[in-house]
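Shown next, in structure tokens, is the structure this report addresses.
The values are calculated or read from the model by the stated rules, or taken from the named source; none is laboratory data. Owing to the predicted nature of the structure, the values given are computational and were not obtained by experimental measurement. Counting neighbours? That spans all protein chains shown, and the Cβs are built from the backbone with ideal geometry, glycine included.
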Amino acid sequence: MLSTMQDVPLTVTRILSHGMTIHGKSQVTTWTGEPEPQRRSFAEIGARAAQLAHALRDELGVTGDQRVATLMWNNAEHVEAYFAIPSMGAVLHTLNLRLAPEQLVWVVAHADDQVVIVNGSLLPLLAPLLPHLPSLRHVVVTGPGDRSVLDGAAPRVHEYEELLAGRPTAYDWPDLDERQAAAMCYTSGTTGDPKGVVYSHRSIYLHSMQVNMTESMGLTDKDTSLVVVPQFHVNAWGLPHATFMTGVNMLMPDRFLQPAPLAEMIESERPTHAAAVPTIWQGLLAEVTAHPRDLSSMARVTIGGAACPPSLMEAYDKLGVRLCHAWGMTETSPLGTMANPPAGLTAEEEWPYRVTQGRFPAGVEARLVGPGGEHLPWDGESAGELEVRGSWIAGAYYGGAGGEDLRPEDKFSEDGWLKTGDVGVISDEGFLTLTDRAKDVIKSGGEWISSVELENAIMAHPDVAEAAVVAVPDDKWGERPLATVVLKEGATADYAALKAFLARSVAKWQLPERWTIIPAVPKTSVGKFDKKVIRRQYADGELDVTRL
Ligand code: AMP
């Protein structure tokens, strides 16, 4: 027997029309570096999204499910593109502006992007690549930046504001199948070519509802969210869509991602929430330690994308800012877990839950798989690779125009679950603790050492700004940990003291014998520790390693 319910498609168009009417007065504020930020209401964003869709269709000839790329910071125009492109039935392709040039060329060709909307400040990055981007028919430029670098460029160049001016502020959006592609994002490609993840209207809609649940970010129209996590990285963790559902105001930093302007915008715009990777919060902490600022409005922060050191959480607790740890991937839209502790606990009792990656929502099923393919119990001790499935989890990668979608064996199980490549344990209450990436685990004499556990313990030392631990070959044990440490300004290296400090919280056999001080931990295009680079530097003898 079938249900008697209506079958209304879950689409980005629906999120847009809801946000621009019911929450029409909510605002997107974009930092400009000028005395006044740019302020635009959701109603205005909706009207301009309609104008953009008219321009893309009538002037630039975008039809069907053609791909329209963005090479942009977080700002109001990027939000307009987020809604206009999927709602007209086309596919938004957010380009990661920190990808290596050859990777950018590769992803634009693979996605067959027809148009790119670009921030003027990023033209120096795009212009030299244009001769290698034959699929691009049009370049649309918005915001400040010298246009002359585009002189002689092959595709037609347009000014965003001129393109929108005078066009109708309503659009007869087509009826769409909710399973249709709405947006795509390529993984950051630390191993091999980037892989294309294609989000559907349905997956975005359901993911937005989850982001808004109180067990996740739980924001309302009384909130303002500082969206630092880039719109080019997993849809800014779904915030632009989720906020249009509930009327949460957005504060967009544009290109001002350095600690000083971030501190300034928090103090003056007083967001109640923020979302970013740990590196951003490390930088901001150093900034406000040196130049105190009032961050107290920002009661809640979502932190994820890489492991959040507990010491960082403690430091922000003291500032009245509560970091809530979350785990996810490009392939998971990204919300996979969030570390909101269960009810009825004291602050002290909450702590062991807060330092985990968090619990799974109903929409994400999880299992742990051991080295022999066996399913492991949720006992908080059995470590295995995490596999997930759900309505906003990728089931394949984009195979390119006309190509079959890709389901590489190391990324998808035979029964269709996503193999995350993350290794960890799950407690009997469903809280996930990640101990490593599968490829970063240190296999010492047949035992596993968690690099993340060592890093967190080292970063708890008051002289340490950052630390990354990698496996290096060892004649006796197979592999042993190498600790690379970034000291705080003014601190001097005392390896014996660091090792003694570590010995207080870590088993003796796990203590690294190899130590080195480095100026900064190498980072990937999305700000995560790039351990591949450290392993190569060690192999090439570039690091000055002390043994003790
Ligand atoms: P990306 O697809 O670039 O967002 O990278 C996803 C990967 O980032 C995951 O598979 C994890 O390895 C890592 N990651 C994300 N969030 C966390 C977290 N809270 N703790 C540890 N690792 C994380």
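Residue by residue, here is whether (1) free of Cβ contacts under 8 Å to residues at least 60 places away in the same chain; (2) hydroxyl-bearing (Ser, Thr, Tyr); (3) surrounded by 16 or more Cβ atoms within 10 Å (Cβ to Cβ); (4) within 19 Å of ALA90 (Cα to Cα) holds:
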| residue | (1), (2), (3), (4) |
| --- | --- |
| ASP146 | yes, no, no, no |
| LEU150 | yes, no, yes, no |
| TYR160 | no, yes, yes, yes |
| LEU163 | no, no, yes, yes |
| CYS185 | no, no, yes, yes |
Could you check the range 457-487 and list, in sequence order, the residues that are assigned to a loop (DSSP other than H, G, I, E, B) and either of a type in the set (Asp, Glu) or touching a residue at least 60 places away in the same chain (Cβ under 8 Å) (or both)? ALA460, ASP463, ASP475
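Do you know which of the residues in the range 1-12 that are among the β-branched types (Val, Ile, Thr) and more than 16 Å from HIS78 (Cα to Cα) is surrounded by the fewest Cβ atoms within 10 Å (Cβ to Cβ)?
Going through the qualifying residues, I end up with THR4.
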Across the range 336-366, what is the total count of residues that are in contact with a helix residue (DSSP H, G or I) (Cβ under 6 Å, 6 or more places away or on another chain) and either near the ligand (Cβ under 10 Å from one of its atoms) or hydrophobic (A, V, I, L, M, F, W, C) (or both)? 2
In the range 18-41, anything part of a helix (DSSP H, G or I) and buried (at least 16 other Cβ atoms within 10 Å of the Cβ) is listed as HIS18, GLY19, MET20
Tell me, which residue of the range 498-512 that is closer than 16 Å to ARG480 by Cα and modelled with pLDDT under 90 is surrounded by the most Cβ atoms within 10 Å (Cβ to Cβ)? VAL506
Residues satisfying the stated conditions in the range 309-323, i.e. more than 11 Å from LEU285 (Cα to Cα) and touching a residue at least 40 places away in the same chain (Cβ under 8 Å): PRO309, PRO310, SER311, LEU323
Grab the strands (runs of 3 or more DSSP E) fully contained in the range 101-214, keeping just those with 3 or more residues being hydrophobic (A, V, I, L, M, F, W, C). 113-119, 138-142, 181-186
What about VAL68, is it part of a strand (DSSP E or B), among the β-branched types (Val, Ile, Thr), in contact with a Lys or Arg (Cβ under 9 Å, 6 or more places away or on another chain) and surrounded by 22 or more Cβ atoms within 10 Å (Cβ to Cβ)? no
Filter result for VAL62 (closer than 24 Å to GLU162 by Cα, aliphatic (A, V, I, L, M) and either buried (at least 20 other Cβ atoms within 10 Å of the Cβ) or modelled with pLDDT under 95 (or both)): yes
Pairs returned, first residue in the range 225-237 that is under 16 Å from ILE117 (Cβ atoms) and in contact (Cβ under 8 Å) with a residue 60 or more places away in the chain, second residue that is within 11 Å of the ligand (Cβ to nearest atom) and assigned to a strand (DSSP E or B), beta-carbon separation under 7 angstrom, 6 or more apart or interchain, are ASN235/CYS185
Condition broken by LEU454, with the remaining ones in (1) of a type outside the set (Asp, Glu); (2) part of a strand (DSSP E or B); (3) buried (at least 18 other Cβ atoms within 10 Å of the Cβ) satisfied: (2)
Residue check, SER333 surrounded by 12 or more Cβ atoms within 10 Å (Cβ to Cβ) and more than 16 Å from the ligand (Cβ to nearest atom): no
Kindly list the number of the only condition in (1) within 30 Å of HIS18 (Cα to Cα); (2) surrounded by fewer than 21 Cβ atoms within 10 Å (Cβ to Cβ); (3) not hydrophobic (A, V, I, L, M, F, W, C) that fails for ASP294. (1)
Which ranges mark the strands (runs of 3 or more DSSP E) fully within the range 239-344 that have 3 or more residues being closer than 16 Å to VAL227 by Cβ, small (Gly, Ala, Ser) and within 17 Å of the chain's Cα centre (by Cα)? 273-276
Quick check on the range 399-419: of everything there that is within 27 Å of ASP112 (Cα to Cα) and crowded, with 19+ Cβ neighbours inside 10 Å, which residue is farthest from the ligand (Cβ to nearest atom)? PHE412
With the condition kept exactly as written, say whether any residue in the range 504-515 is assigned to a helix (DSSP H, G or I) and in contact (Cβ under 8 Å) with a residue 24 or more places away in the chain. yes
Test: residue in the range 365-373 that is closer than 29 Å to LEU226 by Cα, touching a Ser or Thr at 6+ places or on another chain (Cβ under 8 Å) and outside any helix (DSSP H, G or I): no
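Does the range 270-287 include one or more residues that are aromatic (Phe, Trp, Tyr) and touching a residue at least 60 places away in the same chain (Cβ under 8 Å)?
The answer is no, given that none of the residues of the range 270-287 is aromatic (Phe, Trp, Tyr) and touching a residue at least 60 places away in the same chain (Cβ under 8 Å).
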Breaking point among (1) surrounded by 15 or more Cβ atoms within 10 Å (Cβ to Cβ); (2) of a type in the set (Gly, Ala, Ser); (3) more than 20 Å from the chain's Cα centre (by Cα); (4) under 30 Å from CYS185 (Cα atoms), for SER444: (4)
